[in-house]
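Here the structure comes first, spelled out in structure tokens, and everything after it is commentary.
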Amino acid sequence: MSCAHELEPAVALFRSLGDPTRLAILHRLAHGEARVVDLTAQLGMAQSTVSKHLACLRDCGLVDYRVEGRQSFYAFTRPELLDLLRSAESVLAATGSAVALCPVYGDPARVRA
């Protein structure tokens, strides 16, 4: 088994977290469960966009929902996800703007602006 093959699940996890909309949804859910209508209002996004990204996060097993009456409340499936997001924030704080300035994955124009 190749090393790259063993890393595929981790690559998929970080790809799921790499989308700005999904990351914004997860940051909001880090503060507690929310309905789609809450997310659309707080993030300023269309309902279809939020729903599409929630479906992706559900397919990845990162979020799920519970039904209460006619409403669905979304939340993390694993508390470790909150730990991962906090760890990422710590790494970003420790590296300053190095990640944002990365010529491959960063956006130097946005950092300098």
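Would you say ARG22 is open to solvent by 40 Å² or more (accessible area, probe 1.4 Å) and not β-branched (Val, Ile, Thr)?
When the stated conditions are applied, ARG22 does not pass them.
What's the number of the only condition in (1) at positive phi; (2) surrounded by 15 or more Cβ atoms within 10 Å (Cβ to Cβ) that VAL50 fails to meet?
All conditions are met except number (1).
Pull up the stretch 56-68, narrow it to residues that are in a loop (DSSP other than H, G, I, E, B) and surrounded by 14 or more Cβ atoms within 10 Å (Cβ to Cβ), then point me to the one that is farthest from the chain's Cα centre (by Cα).
Per the criteria, the residue is CYS60.
Sort out which residues of the stretch 37-63 are in contact with a strand residue (DSSP E or B) (Cβ under 8 Å, 6 or more places away or on another chain), under 11 Å from ALA24 (Cβ atoms) and either in contact (Cβ under 8 Å) with a residue 60 or more places away in the chain or of a type in the set (A, V, I, L, M) (or both), and write them in order of number.
LEU39
Picking from ALA88, ALA100, ALA75, which residue would you name as being among the small types (Gly, Ala, Ser), at pLDDT 95 or above and surrounded by 11 or more Cβ atoms within 10 Å (Cβ to Cβ)?
ALA75
The values are calculated or read from the model by the stated rules, or taken from the named source; none is laboratory data. Nothing here was measured: the structure is a model prediction, and the numbers come from that model. Note that each Cβ is placed from the backbone with ideal geometry, even for glycine, and that neighbours are counted across all protein chains shown. Protein only, heavy atoms only, side chains kept; ligands, DNA and RNA dropped before computing areas. Shrake-Rupley method; radii C 1.70, N 1.55, O 1.52, S 1.80 Å.
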